[in-house]
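The values are calculated or read from the model by the stated rules, or taken from the named source; none is laboratory data. In this text the structure is predicted, and so the values were computed from the model without any measurement. Every residue, glycine as well, gets a Cβ built from its backbone with ideal geometry; the counts of neighbours run over all protein chains shown. For the accessible areas, the whole protein counts, side chains as well, though only heavy atoms, and no ligand, DNA or RNA atoms are used. Shrake-Rupley method; radii C 1.70, N 1.55, O 1.52, S 1.80 Å.
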Amino acid sequence: MESRLMKAEGVLRMLSLALAATAALLVGLDTQTKTVLLVRRKATAKDLDGLWTMTLVTSITAGYHLLQLFRCMALALLGRNPCRGSKSVAWFLFLLDQGVTYATFGATMAGLQAALVAVFGVDGLQWSKLCNIYTRFCEQVAGGMLCGLAASLAMAVVSAVSAHHLFRLYPCSVKAARWRWLPF
């Protein structure tokens, strides 16, 4: 049972790593140059703070999951069970997983808000629609947003697995013994 859970956690971490890195690359490396009213303008993720923040946070998230994968592989190669550790380490890893998940979701939502301003504009502030001009840029940012949201969902499941590892270290009470028929 634990080996299947460890494999599932590894797969979910790899999925989170791949999706977060893809989101960071799609948004961060996206540029498009157009000539507007005889002036050449270049659209990049740095033009919108929300997109740049999302790029940085998803890059850090991908690095975090890479480090966690290395930790799990190193412990597995040493023959130690990464699920059986001290409560303080389990709490630390659980809180890190939760923090990374919330930070990624928040940064993705901030980037989405900036992207929606680019798509629809804000008439009250006289901000025009940018996606009418920079269509490829906006399409690539949309792909990055979808990858960021999918990474957030995968990280939420990783956090649930991390919580399972943590609370497994605590003894079972009499009331909780009635729920022993659950498969986890």
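Mind pulling the angle between the C-alpha long axis of helix 2-28 and the longest principal axis of the chain? Nearest 10 degrees, somewhere in 0 to 90.
On a 0 to 90 degree scale, this one is about 10.
Rounded to the nearest 10 Å², what accessible area does Y102 show when all protein chains are kept and the probe is 1.4 Å?
Near enough 150 Å² of accessible area.
Per the Debye formula with a single identical scatterer at each Cα and no solvent contribution, what log10 I(q)/I(0) holds for the stretch 5-51 at q = 0.18, 0.25, 0.33 Å⁻¹?
Evaluating at q = 0.18, 0.25, 0.33 Å⁻¹ gives log10 I(q)/I(0) of -0.66, -0.87, -1.07.
Could you work out the helix-only [θ] at 222 nm for the chain, with each DSSP H run of four or more residues adding -39,500 (n - 2.57) and the total divided by the number of residues, to the nearest 500 deg cm²/dmol?
Theoretical 222 nm ellipticity from helices: -24500 deg cm²/dmol.
If I model the stretch 1-160 as equal point scatterers sitting on the Cα atoms and use the Debye formula, what is log10 I(q)/I(0) at q = 0.13 Å⁻¹?
-0.65
Report, to the nearest whole %, how much of the accessible area of the chain belongs to carbon and sulfur atoms, 1.4 Å probe, protein only.
69 percent
Run the dipole for the chain about the Cα centre, Lys and Arg Cβ at +1, Asp and Glu Cβ at -1, nothing else charged, and hand back the magnitude in debye, nearest 20.
It comes to approximately 560 debye.
With the calculation restricted to Cα positions, what are the radius of gyration and Dmax of the stretch 47-117 in angstrom?
15.9, 52
At 0.36 nm per residue, and after removing the present C-alpha to C-alpha distance, how many nm does the segment from A18 to R41 gain when stretched out fully?
Roughly 5.1 nm would be gained on extension.
Rolling a 1.4 angstrom probe over the protein heavy atoms, how many square angstrom per residue are accessible across the stretch 1-94?
Roughly 61 Å² per residue, with all protein chains present.
Counting only C-alpha contacts under 8 Å and six or more residues apart, can you give the relative contact order of the chain as a whole percent?
33 percent
Rg over Rh of the stretch 27-78, using C-alpha atoms and the Kirkwood radius, what does it come to?
In the stretch 27-78, Rg relative to Rh is 1.35.
Roughly how many nanometres apart are two label points built 7 Å out from the Cα toward the Cβ at K34 and H164?
Reported label-point gap for K34 and H164 is 4.7 nm.
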